[in-house]
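One structure below.
The values are calculated or read from the model by the stated rules, or taken from the named source; none is laboratory data. Keep in mind that this is a model prediction, so the values were computed, not measured. Virtual Cβ from ideal backbone geometry, glycine too; neighbours counted across all protein chains shown.
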Amino acid sequence: MRKYDLISALSEETAREVARNDRSWKKYLNTASGLYKYPFKDQLLIYAQRPDATACASIEIWNEKMHCWVNKGAKGIALIDEEGSPYTGLRYVFDISDVHKARRIGRFPQLWEMKEEHQEAVLDRLEQIYGDTDKEAGFVDRIREIASMIAEDCYKELASDMEYLKEGSFLEELDELNTGVRIRETLADSIAYTVLKRCGMDEKELSEEIEFPYIHEFNTVETLSHIGNSVSDLSKPVLMEIGKAIGAYDRENARNQEPKNLGEKGLANTSDKRYNALKRESERQDGQSITQTGKAGERENNDESDIRKERGLLNLKIVYIYIQPTDTLLADTPQKPNHTEKEFLHMKSIFEQLGGTYHEENGYLIPDLRLPAEKEQPISTWGQRHLHYLKQYRKVTYTNLLICGKLNIYLADIDKQAQERFERLIEDMKRAQGITERLKEENALEWTGRLGNIRACAREIVNEEIIYA
């Protein structure tokens with residue numbers, strides 16, 4: 001087994017690569033900006049395997065919800081399956097460029113597109129949520145201002161958490177103040193870059209506008225995950241609101257166009273009536289002329305032939321059948337551009353550059369990746385509570401444990417610690433408060449009530465000391 005057969009090794013190498021310098025981080029953000037609904041760990045793995053991906057979903061979603069079919073020979077993208085237990089499985093998604101719509105019923109995701117006419121509506125909506133910006137500034141500067149406000153609200157807490165994560169990174173020797181400066185500036189610029197890239201800003205202009213002088217200092221999986229999760233979590237709601245603003249603007253614009261369209265339709269109907277009257281009169285006159293010459297059939301056939309020859313329509317159907325491939329007749333399938341061999345080598349994913357391989361499964365190419373082996377252990381309520389806490393508030397720890405294949409054993413250990421602490425606390429409190437078996441015999445109702453209070457108190461202590469610590 002090669003080292004990079006492990007998805008944990010691929011994640012670590014990708015993290016090092018994207019944090020290498022300003023250019024590498026921008027390349028990652030170019031991909032992440034189109035995948036903003038995915039969490040950071042998925043964005044990172046998608047970038048490692050398909051940096052050109054724009055919209056990904058499982059075969060089930062493509063088939064059942066979108067009525068699209070994944071092309072045979074398409075390469076799957078391996079992500080960690082978090083739905084089941086013991087968290088040792090992988091799931092596979094496919095990019096929109098590798099699917100085609102079923103005839104008549106297929107559809108692609110409706111991705112919003114930012115246009116200049118949307119800018120004021122978008123900024124108005126964002127200002128209602130994040131605060132006012134300089135009305136004299138342009139769209140780019142106002143988005144950057146909003147990103148800075150978001151970063152300003154969050155960076156101190158992130159800097160405090162980073163103190164426990166920065167060991168082994170270039171941030172290690174910095175105090176909390178200087179660490180905070182790097183987090184604030186990197187976070188603000190990353191949010192702005194992600195938002196502006198998704199809004200369609202030219203990549204070259206964006207690169208000249210925004211730089212990341214500190215990204216190379218986030219050179220461990222822990223530190224990059226911390227900043228990466230934050231960028232992903234904070235960019236997503238901004239982009240969701242932009243999508244809503246564009247949708248609302250377009251719907252309002254369509255409603256305003258309806259009266260105009262109805263008026264145009266009325267004029268068209270009037271014109272049609274006049275045209276039909278003229279047509280009937282013309283046909284009547286032609287009929288008289290044809291009756292006089294006696295060559296109606298000849299005239300009709302010759303005229304039709306002349307018109308079709310003039311417009312090049314005689315063999316249109318045959319030409320269309322020969323030119324159009326049968327699979328593209330199903331829908332307007334996105335076509336991949338033709339690349340030279342040199343360009344193709346340059347576009348190889350990190351996974352492929354590391355020697356990653358694929359195997360065929362049901363006609364699709366599945367990456368040869370797996371999670372590290374982990375023996376499943378049962379997890380009770382304590383472990384489940386701590387898992388929920390990790391997902392919500394300790395995403396870096398959760399991501400690292402999940403990718404490294406140590407999540408289940410970690411949760412089992414927390415579960416055991418919590419249960420043992422809970423039982424010790426109950427026994428200590430029972431002795432201290434004189435809750436004995438004799439009391440149970442004499443007054444079972446009082447014994448039950450007091451024991452319930454003790455259990456509630458012990459549960460609160462365990463939650464504070466272990467579960468939510």
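Residue by residue through segment 24-39, note down the ones that are closer than 19 Å to GLY243 by Cβ and assigned to a helix (DSSP H, G or I).
Listed by number, the residues that qualify are LEU29, ASN30, THR31, ALA32, SER33, GLY34.
Residue-wise test of (1) polar (S, T, N, Q); (2) surrounded by fewer than 16 Cβ atoms within 10 Å (Cβ to Cβ).
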residue	(1), (2)
LEU165	no, no
PHE170	no, no
GLU173	no, yes
THR186	yes, no
VAL195	no, no
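For segment 372-408, enumerate the residues that are modelled with pLDDT under 80, aliphatic (A, V, I, L, M) and either crowded, with 16+ Cβ neighbours inside 10 Å or farther than 21 Å from ILE77 by Cα (or both).
ILE403
Identify, from the list ASP52, ASP42, the residue that is in contact (Cβ under 8 Å) with a residue 12 or more places away in the chain, part of a helix (DSSP H, G or I) and farther than 21 Å from PHE212 by Cα.
Answer to the check: ASP42.
Considering every residue within segment 62-81, establish whether at least one is surrounded by fewer than 19 Cβ atoms within 10 Å (Cβ to Cβ), out of contact with any strand residue (DSSP E or B) (no Cβ under 9 Å at 6 or more places or on another chain) and part of a loop (DSSP other than H, G, I, E, B).
Within segment 62-81, none of the residues are surrounded by fewer than 19 Cβ atoms within 10 Å (Cβ to Cβ), out of contact with any strand residue (DSSP E or B) (no Cβ under 9 Å at 6 or more places or on another chain) and part of a loop (DSSP other than H, G, I, E, B).
Could you check segment 383-469 for helices (runs of 4 or more DSSP H) lying wholly inside it with 3 or more residues that are within 28 Å of TYR38 (Cα to Cα) and within 49 Å of the chain's Cα centre (by Cα)?
Qualifying helices (runs of 4 or more DSSP H): 395-403, 407-433.
Across segment 22-53, what is the total count of residues that are within 22 Å of ARG182 (Cα to Cα) and touching a Pro at 6+ places or on another chain (Cβ under 9 Å)?
4
Return the pair list, or none, for Cβ contacts closer than 6 Å from residues in segment 386-403 that are closer than 18 Å to TYR164 by Cα and in contact (Cβ under 8 Å) with a residue 12 or more places away in the chain to residues that are small (Gly, Ala, Ser) and crowded, with 20+ Cβ neighbours inside 10 Å, at least 6 apart or on different chains.
VAL396/SER225; THR399/SER225
Looking at segment 201-222, which of the residues that are at pLDDT below 95 and closer than 28 Å to LYS391 by Cβ is surrounded by the fewest Cβ atoms within 10 Å (Cβ to Cβ)?
Per the criteria, the residue is ASN219.
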